[in-house]
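**Q** What follows is a single structure, and I will ask about it in a moment.
The values are calculated or read from the model by the stated rules, or taken from the named source; none is laboratory data. This is a predicted model, so every value here is computed, not measured. Cβ placement follows ideal geometry from the backbone for every residue including glycine, while neighbour counts extend to all protein chains displayed.
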Amino acid sequence: MMTERIAELLLNGQPDAKTQIQGWVRTKRELKDFTFLEINDGSALANLQVVVNTDLADYAEIIKGVNTGSSVEVRGVLAASPAKGQRIELKAEEIQVYGQADLETYPLQKKRHSFEFLREIGHLRGRTNSLGAVFRVRNACSYAIHRFFQERGFMWVHTPIITSSDCEGAGEMFHITTFDLKNVPVTEQNQIDFSQDFFGKPAYLTVSGQLEAEVMAMAFSNVYTFGPTFRAENSNTSRHLAEFWMVEPEMAFCDLAGDMDLAEEFLKYIFKYALETCAADFEFFNQRIDNSVLATAENIINNQFERVTYTEAIKLLQKSGKTFTYPVEWGLDLQSEHERYLAEELFKKPAIVTDYPVEIKAFYMRLNDDGKTVAAMDMLAPKIGEIIGGSQREERLDVLETRIKNQGLDVSDYWWYLDLRRYGTVPHAGFGLGFERLVQFMTGMANIRDVIPFPRAPKSIDF
Ligand code: ATP
Ligand code: MG
Ligand code: MG
Ligand code: MG
């Protein structure tokens with residue numbers, strides 16, 4: 001018999017149908033004439049209730065072996081459930097226990113565990129309602145991302161993880177090394193010679209696939225990346241990871257306005273898709289994690305985002321009457337508290353801030369005619385702050401060369417990037433969305449470590 005997924009049975013299973021399921025026992029309740037087992041296979045938030053009658057062969061022995069946490073296969077017949085809140089249940093005719101779980105040591109009990117505690121048992125936390133719901137939504141968003149771009153004719157391109165360029169110029173790169181630890185190359189000053197680390201050349205883990213995505217856009221017009229990126233952020237915020245996933249579309253023949261339009265359409269699409277396919281998970285977040293989750297989703301889907309320039313944003317922050325920890329002054333970057341004030345308190349929806357001062361943005365952003373600002377855009381979300389950073393890219397060879405030099409970078413390192421401006425340059429634009437920040441925003445989860453299966457951050461790398 002084919003094993004069926006519990007999500008499908010809960011939705012469409014018919015009374016009297018024979019079926020077989022496999023999963024893990026969430027709870028066991030022994031009564032006089034039968035035992036109730038709640039089984040979960042990860043496909044849905046809800047469990048399937050299995051009714052085990054005392055007349056089942058080897059009843060006592062089987063029931064002894066199916067504690068919370070054990071893995072089972074159940075064959076039986078579906079029946080309309082008399083219990084409140086569930087349509088269908090499964091009357092067991094045969095139970096096979098795959099692996100028992102020791103109740104004394106199994107760390108998950110039928111109670112709410114703190115997220116801090118669950119992080120300590122990261123290998124088991126997918127079996128809880130909250131992390132189960134998060135990872136299902138994460139999966140739905142991943143699928144929606146590909147669907148969104150593929151429907152619009154974008155090509156998915158695979159940019160390298162090992163690179164030689166620091167795209168953001170923020171010095172947050174992880175060195176990778178092929179050193180033999182017994183024979184580490186040293187400089188004349190007796191320091192480790194990192195310029196030798198990748199078979200004789202310096203190399204790093206990528207902080208962004210953007211520059212390489214630009215390469216591909218200059219041949220395929222519209223492309224996107226969706227993959228892991230790495231930043232050596234030695235900070236312990238609830239929004240930064242050392243390893244996170246980025247979505248980076250790059251469009252040839254596109255300006256900043258087109259870039260913003262795409263970013264807004266994209267966010268609306270992903271929210272809509274996730275809300276439709278993971279309705280029960282959203283209800284759960286709204287009830288148990290953050291009671292504004294459903295309203296936020298509706299707000300995103302139905303309302304136009306706010307758009308302001310950086311200069312206007314600075315004025316609005318100065319007029320706000322709020323006391324911020326960090327100074328608000330033209331020329332300084334917005335901090336998370338400023339970003340959150342704008343999106344959360346002032347506009348009460350996502351806000352796209354454009355035209356940042358040239359000094360605080362990366363070299364590749366297009367210089368505006370004023371010579372002081374660049375065609376950048378950051379999308380700010382309530383409760384999170386920045387979730388997207390994007391820009392129109394500098395397509396003029398001479399301006400780009402000057403920008404690279406002014407930032408103290410070596411023009412010769414970017415020969416291939418500059419070639420794109422030498423041969424058939426076009427206006428182009430793109431953005432980078434932090435995938436975990438999106439999932440955080442969507443689910444209301446407070447800490448970014450709880451929206452990725454295996455968080456990599458200072459002090460959180462157990463396995
Ligand atoms: P922040 O100001 O929050 O540190 P950033 O400006 O350094 O972000 P960008 O270089 O613009 O980040 O990267 C694009 C997007 O990637 C950001 O808008 C954010 O959503 C996400 N992002 C950046 N750094 C991290 C990180 N350490 N962990 C998770 N997501 C990140
Ligand atoms: Mg940063
Ligand atoms: Mg930023
Ligand atoms: Mg940014």
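**Q** Does segment 177-195 include one or more residues that are under 30 Å from residue 253 (Cα atoms) and assigned to a helix (DSSP H, G or I)? Can you show your working first?
**A** Within segment 177-195, the subset under 30 Å from residue 253 (Cα atoms) is none.
The answer is no, given that none of the residues of segment 177-195 is under 30 Å from residue 253 (Cα atoms) and assigned to a helix (DSSP H, G or I).
**Q** Can you tell me which of (1) modelled with pLDDT of 95 or more; (2) within 14 Å of ligand 1 (Cβ to nearest atom) is the one residue 456 doesn't meet?
**A** For residue 456, the failing item is (1).
**Q** Okay, moving on. Output the residues belonging to segment 286-308 that are in a loop (DSSP other than H, G, I, E, B) and either of a type in the set (D, E, K, R) or in contact (Cβ under 8 Å) with a residue 12 or more places away in the chain (or both).
**A** Once the filter is applied, which keeps residues that are in a loop (DSSP other than H, G, I, E, B) and either of a type in the set (D, E, K, R) or in contact (Cβ under 8 Å) with a residue 12 or more places away in the chain (or both), segment 286-308 yields 289, 290, 292, 303, 304, 305.
**Q** Related question: Under 8 Å between Cβ atoms, at least 6 apart or on separate chains: pull out the pairs that start in segment 375-393 with a residue that is closer than 8 Å to residue 343 by Cβ and end on any residue that is within 10 Å of ligand 4 (Cβ to nearest atom) and in a strand (DSSP E or B).
**A** Between residues of segment 375-393 that are closer than 8 Å to residue 343 by Cβ and residues that are within 10 Å of ligand 4 (Cβ to nearest atom) and in a strand (DSSP E or B), the close pairs are 380/386; 380/387; 381/387.
**Q** Oh, and also: For segment 349-358, indicate whether the set of residues that are more than 16 Å from ligand 1 (Cβ to nearest atom) and under 21 Å from residue 263 (Cα atoms) is non-empty. Even if it seems obvious, please write down each step before you answer.
**A** Initially, segment 349-358 is screened for residues more than 16 Å from ligand 1 (Cβ to nearest atom), giving 349.
Narrowing further to those that are under 21 Å from residue 263 (Cα atoms): 349.
Scanning segment 349-358, I find at least one residue that is more than 16 Å from ligand 1 (Cβ to nearest atom) and under 21 Å from residue 263 (Cα atoms), so the answer is yes.
**Q** Out of all the residues in segment 337-361, which are in contact with a Gly (Cβ under 7 Å, 6 or more places away or on another chain) and surrounded by 22 or more Cβ atoms within 10 Å (Cβ to Cβ)? Break it down stepwise before answering.
**A** The initial filter retains those residues of segment 337-361 that are in contact with a Gly (Cβ under 7 Å, 6 or more places away or on another chain), namely 339-340, 357, 359.
339 - this is the single residue of segment 337-361 that is in contact with a Gly (Cβ under 7 Å, 6 or more places away or on another chain) and surrounded by 22 or more Cβ atoms within 10 Å (Cβ to Cβ).
**Q** Oh, and also: Within segment 314-333, does at least one residue satisfy the condition of being of a type outside the set (Lys, Arg), crowded, with 23+ Cβ neighbours inside 10 Å and either more than 15 Å from ligand 3 (Cβ to nearest atom) or under 30 Å from residue 165 (Cα atoms) (or both)? Can you show your working first?
**A** Residues of segment 314-333 that are of a type outside the set (Lys, Arg), as a first pass: 314, 316-318, 320-321, 323-333.
When the remaining residues are screened for being crowded, with 23+ Cβ neighbours inside 10 Å, the result is none.
No, segment 314-333 contains no residue that is of a type outside the set (Lys, Arg), crowded, with 23+ Cβ neighbours inside 10 Å and either more than 15 Å from ligand 3 (Cβ to nearest atom) or under 30 Å from residue 165 (Cα atoms) (or both).
**Q** Does segment 403-412 contain at least one residue that is farther than 21 Å from residue 171 by Cα, touching a residue at least 24 places away in the same chain (Cβ under 8 Å) and more than 16 Å from ligand 2 (Cβ to nearest atom)?
**A** Looking for residues that are farther than 21 Å from residue 171 by Cα, touching a residue at least 24 places away in the same chain (Cβ under 8 Å) and more than 16 Å from ligand 2 (Cβ to nearest atom), one finds none in segment 403-412, hence no.
**Q** Then there is this: For segment 61-89, give me each residue that is within 16 Å of residue 101 (Cβ to Cβ) and of a type in the set (S, T, N, Q).
**A** 67, 68, 70, 71
**Q** Still on this model: Among 60, 17, 44, 79, which is the only one that is small (Gly, Ala, Ser) and closer than 19 Å to residue 128 by Cβ?
**A** 44 is the lone residue from the list that is small (Gly, Ala, Ser) and closer than 19 Å to residue 128 by Cβ.
**Q** Another question, if that's okay. Could you tell me whether residue 133 is assigned by TED's automatic domain parsing to the domain that holds residue 25 and closer than 30 Å to residue 1 by Cα?
**A** Working: assigned by TED's automatic domain parsing to the domain that holds residue 25: no; closer than 30 Å to residue 1 by Cα: yes.
When the stated conditions are applied, residue 133 does not pass them.
**Q** Give all pairs with beta carbons closer than 9 Å in which a residue from segment 329-341 that is in the same structural domain as residue 387 (by TED's automatic domain parsing) meets a residue that is polar (S, T, N, Q) and more than 15 Å from ligand 2 (Cβ to nearest atom); count only pairs at least 6 apart in sequence or on separate chains.
**A** Listed pairs, sorted by first residue: 329/318; 330/311; 335/325; 337/325; 341/320.
**Q** Take the residues in segment 29-60 that are over 34 Å from the mean Cα position of the chain (by Cα) and touching a residue at least 40 places away in the same chain (Cβ under 8 Å), then tell me which one is surrounded by the fewest Cβ atoms within 10 Å (Cβ to Cβ). Let's see the steps before the verdict.
**A** Of segment 29-60, the ones over 34 Å from the mean Cα position of the chain (by Cα) are 29-36, 50-60.
From the residues that got through so far, the ones that are touching a residue at least 40 places away in the same chain (Cβ under 8 Å) too are 50-52.
Working: 50: 24, 51: 19, 52: 23.
Applying the filter and picking the extreme gives 51.
**Q** Suppose the filter is among the β-branched types (Val, Ile, Thr), away from ligand 1 (no atom under 16 Å from the Cβ) and either under 17 Å from residue 140 (Cα atoms) or not in a strand (DSSP E or B) (or both); does residue 311 pass it?
**A** Numbers: among the β-branched types (Val, Ile, Thr): yes; away from ligand 1 (no atom under 16 Å from the Cβ): yes; either under 17 Å from residue 140 (Cα atoms) or not in a strand (DSSP E or B) (or both): yes.
So residue 311 passes the test.
**Q** Related question: With respect to residue 186, determine if the residue is among the β-branched types (Val, Ile, Thr) and under 23 Å from the mean Cα position of the chain (by Cα).
**A** Here the answer is no, as residue 186 does not meet what is asked.
For (1) β-branched (Val, Ile, Thr); (2) part of a loop (DSSP other than H, G, I, E, B), each residue gets a yes or a no:
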position: 7; (1), (2): no, no
position: 14; (1), (2): no, yes
position: 22; (1), (2): no, no
position: 35; (1), (2): yes, no
position: 51; (1), (2): yes, no
position: 55; (1), (2): no, yes
position: 108; (1), (2): no, yes
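**Q** In the set 217, 257, which member is small (Gly, Ala, Ser) and either in a loop (DSSP other than H, G, I, E, B) or crowded, with 18+ Cβ neighbours inside 10 Å (or both)? Give the derivation first.
**A** Values: 257 fails: either in a loop (DSSP other than H, G, I, E, B) or crowded, with 18+ Cβ neighbours inside 10 Å (or both).
The conditions single out 217.
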